[in-house]
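Below: the structure, in structure tokens.
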Amino acid sequence: MKQLQVAIDGPAGAGKSTVARRVAGRLGLSYVDTGAMYRAIAWKALQENLNVFDEEAVTQLAEQLHFSLHPQGVMVNGQLLKEEIRTQEISSLASAIAKMPGVRRILVNKQRDIAARQSVVMDGRDIGTHVLPEADVKVFLTATIEERALRRYKELKARGADVDLDGLREEIRRRDENDRTRKYAPLKQAKDAVLIDTTHLSIDEIVESIMQLCRHKL
Ligand code: C5P
């Protein structure tokens, strides 16, 4: 079978990772969660007591980290990171460091290396526009901010986190604004991406629409 690249982009909480993971499972492809890579750098910077706003230090850290795929999360220097990179603090820090051009350059290279070795479903903000501009299938997922905040709220609550809906909505709004207005590889729909508004769709329905798009490319 020829190599396949599926790019799924969109704002925070649009359902990208759940859907991308399922599509990858159905097609037997590797799933690459690029948001987890930005989160992992933020987490590691905190662990190492780095100043997360020191661009040079954070870029150096990004260069040193080795990322590999794992079905349950992202592996960084051999360590599996899961819940610890899903906190609101890490979300905000990841969004701040994602503005740094050096960090983006390093991660984009690592993401392209991964995709060069295997067929992938990759999700993020700049996959269809920048990381894999030649991807076979490009999808841009959206949903209203109300719906996205509610989904995050339910997800975090289910994990036993103490969260407040208004705070989450504000964090998502701020993150979207950061991601959309940053200078380097901002969040935007690629010209050739298929837009799917997931506000009133179930996960199964979204997965099915993307599977339809992929079937044409197999
Ligand atoms: O997708 P997730 O919410 O885990 O991503 C965390 C943050 O990482 C995003 O808010 C965004 O700032 C950044 N990101 C990015 N480019 C990507 C993936 C994530 O800038 N391809």
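The numbers here are math on the coordinates, done by the rules we state, and not lab data. Quick caveat, the model's predicted, so the values are computed rather than measured. A quick note on method: Cβ atoms are made from the backbone with ideal geometry, for glycine too, and the neighbour counts reach across all protein chains shown.
Within the range 164-187, the residues that satisfy the criterion of being surrounded by fewer than 17 Cβ atoms within 10 Å (Cβ to Cβ), in a loop (DSSP other than H, G, I, E, B) and in contact (Cβ under 8 Å) with a residue 60 or more places away in the chain are Lys183, Tyr184, Pro186. Of these, Asp204, Asp192, which one is touching a residue at least 12 places away in the same chain (Cβ under 8 Å) and of a type outside the set (Val, Ile, Thr)? The conditions single out Asp192. All of (1) away from the ligand (no atom under 13 Å from the Cβ); (2) part of a helix (DSSP H, G or I) hold for Ala94 with one exception: (1). Scanning the range 48-75 for residues that are closer than 18 Å to Tyr31 by Cα and either more than 16 Å from the chain's Cα centre (by Cα) or assigned to a helix (DSSP H, G or I) (or both) yields one hit, His66.
Residues considered: Arg152, Arg159. Of these, the only one that is within 21 Å of Arg86 (Cα to Cα), within 14 Å of the ligand (Cβ to nearest atom) and not aliphatic (A, V, I, L, M) is Arg152. Considering only residues in the range 126-140 that are within 11 Å of the ligand (Cβ to nearest atom) and closer than 18 Å to Val23 by Cβ, the one that is surrounded by the most Cβ atoms within 10 Å (Cβ to Cβ) turns out to be Ile127.
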